[in-house]
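J.: I have a structure here, written as structure tokens, and I will follow up with some questions on it.
The values are calculated or read from the model by the stated rules, or taken from the named source; none is laboratory data. Model, not experiment: these values are computed from the prediction. Note that we place each Cβ from the backbone using ideal geometry, even for glycine, and neighbour counts take in every protein chain shown.
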Amino acid sequence: MRFSISVSTFWGPFMRLFGFGGERAYVELDDEAITFRYGTATERVPLSEIESVGPRAWPFYYGLGAKIGPDHGVAYVASLDGVVQVRFTSPRPMNVWGPFRTSKARCVTLSREDPEGFMAALGARIA
């Protein structure tokens, strides 16, 4: 099951310049793992390492794009709407973008086109 990352209408053209959009910005969920894809960053995380999923406020001053995010995590956010946070059971290495990585991400924050559907699907698999 694939869920697209929400991309702001205003910032969309700029995001696509860096490879954040369309076929390069999604989350894929199967029976064993969740795969995060955002530009050059691709991470596959076993469902057993997912602690929880829930909505997350994302103020404009946090900015958009791929980055080390708040809460000791990674953020793949291209819209201020529909932001969701996936928390891990323990810190793990995550690719941020290109050569940039973090070794101890506790979560990943994403902008979702269908945040409720995504949270329900992931929540059902980790329950």
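J.: Would you point out which residue out of Ala124, Ala75 is without any contact (Cβ under 8 Å) to a residue 40 or more places away in the chain and not in a strand (DSSP E or B)? Working first, answer last.
T.: Numbers: Ala75 fails: not in a strand (DSSP E or B).
Among Ala124, Ala75, only Ala124 is without any contact (Cβ under 8 Å) to a residue 40 or more places away in the chain and not in a strand (DSSP E or B).
J.: Of the residues Ser103, Ser48, which single one is of a type in the set (Ser, Thr, Tyr), more than 16 Å from Ala25 (Cα to Cα) and not in a helix (DSSP H, G or I)? Show your work before the answer.
T.: Values: Ser48 fails: not in a helix (DSSP H, G or I).
None of the others qualify; the one that does is Ser103.
J.: While we're here: Could you please find all residues in region 12-43 being in a loop (DSSP other than H, G, I, E, B), modelled with pLDDT under 65 and out of contact with any helix residue (DSSP H, G or I) (no Cβ under 8 Å at 6 or more places or on another chain)? Lay out the reasoning, then the answer.
T.: If we filter region 12-43 for residues that are in a loop (DSSP other than H, G, I, E, B), which is where we start, we get 18-21, 30-32, 39-40.
Now narrow it down to the ones that are modelled with pLDDT under 65: 18-21.
Hits for region 12-43 are Phe18, Gly19, Phe20.
J.: Test Arg106 against the criterion of being farther than 24 Å from Met1 by Cβ and either at pLDDT 95 or above or surrounded by 20 or more Cβ atoms within 10 Å (Cβ to Cβ) (or both), and give yes or no.
T.: Working: farther than 24 Å from Met1 by Cβ: yes; either at pLDDT 95 or above or surrounded by 20 or more Cβ atoms within 10 Å (Cβ to Cβ) (or both): yes.
In short, yes.
J.: Name the single residue, out of those in region 80-103 being in contact with a helix residue (DSSP H, G or I) (Cβ under 9 Å, 6 or more places away or on another chain) and more than 13 Å from Ile34 (Cα to Cα), that is surrounded by the most Cβ atoms within 10 Å (Cβ to Cβ).
T.: Step one: list which residues in region 80-103 are in contact with a helix residue (DSSP H, G or I) (Cβ under 9 Å, 6 or more places away or on another chain), which gives 80-84, 86, 88-90, 92.
Within this subset, residues satisfying the condition of being more than 13 Å from Ile34 (Cα to Cα) are 80-84, 89-90, 92.
Numbers: Leu80: 16, Asp81: 11, Gly82: 19, Val83: 20, Val84: 24, Thr89: 13, Ser90: 8, Arg92: 18.
For region 80-103, the residue satisfying everything is Val84.
J.: Of all residues in region 44-72, how many are at pLDDT 90 or above, within 14 Å of Arg92 (Cα to Cα) and charged (D, E, K, R)?
T.: Residues in region 44-72 being at pLDDT 90 or above, within 14 Å of Arg92 (Cα to Cα) and charged (D, E, K, R): 3 in total.
J.: When you check Val74 against the structure, is it of a type in the set (A, V, I, L, M), surrounded by 21 or more Cβ atoms within 10 Å (Cβ to Cβ) and under 16 Å from Phe3 (Cα atoms), yes or no? Lay out the reasoning, then the answer.
T.: Numbers: of a type in the set (A, V, I, L, M): yes; surrounded by 21 or more Cβ atoms within 10 Å (Cβ to Cβ): yes; under 16 Å from Phe3 (Cα atoms): no.
Spelling it out, it is not the case that Val74 is of a type in the set (A, V, I, L, M), surrounded by 21 or more Cβ atoms within 10 Å (Cβ to Cβ) and under 16 Å from Phe3 (Cα atoms).
J.: Next question, about the same structure. Could you say which residue among Gly63, Gly54 is surrounded by fewer than 17 Cβ atoms within 10 Å (Cβ to Cβ), out of contact with any Lys or Arg (no Cβ under 9 Å at 6 or more places or on another chain) and within 19 Å of Ile5 (Cα to Cα)? Explain how you work it out, then say what you get.
T.: Values: Gly54 fails: out of contact with any Lys or Arg (no Cβ under 9 Å at 6 or more places or on another chain).
After applying the criteria, what remains is Gly63.
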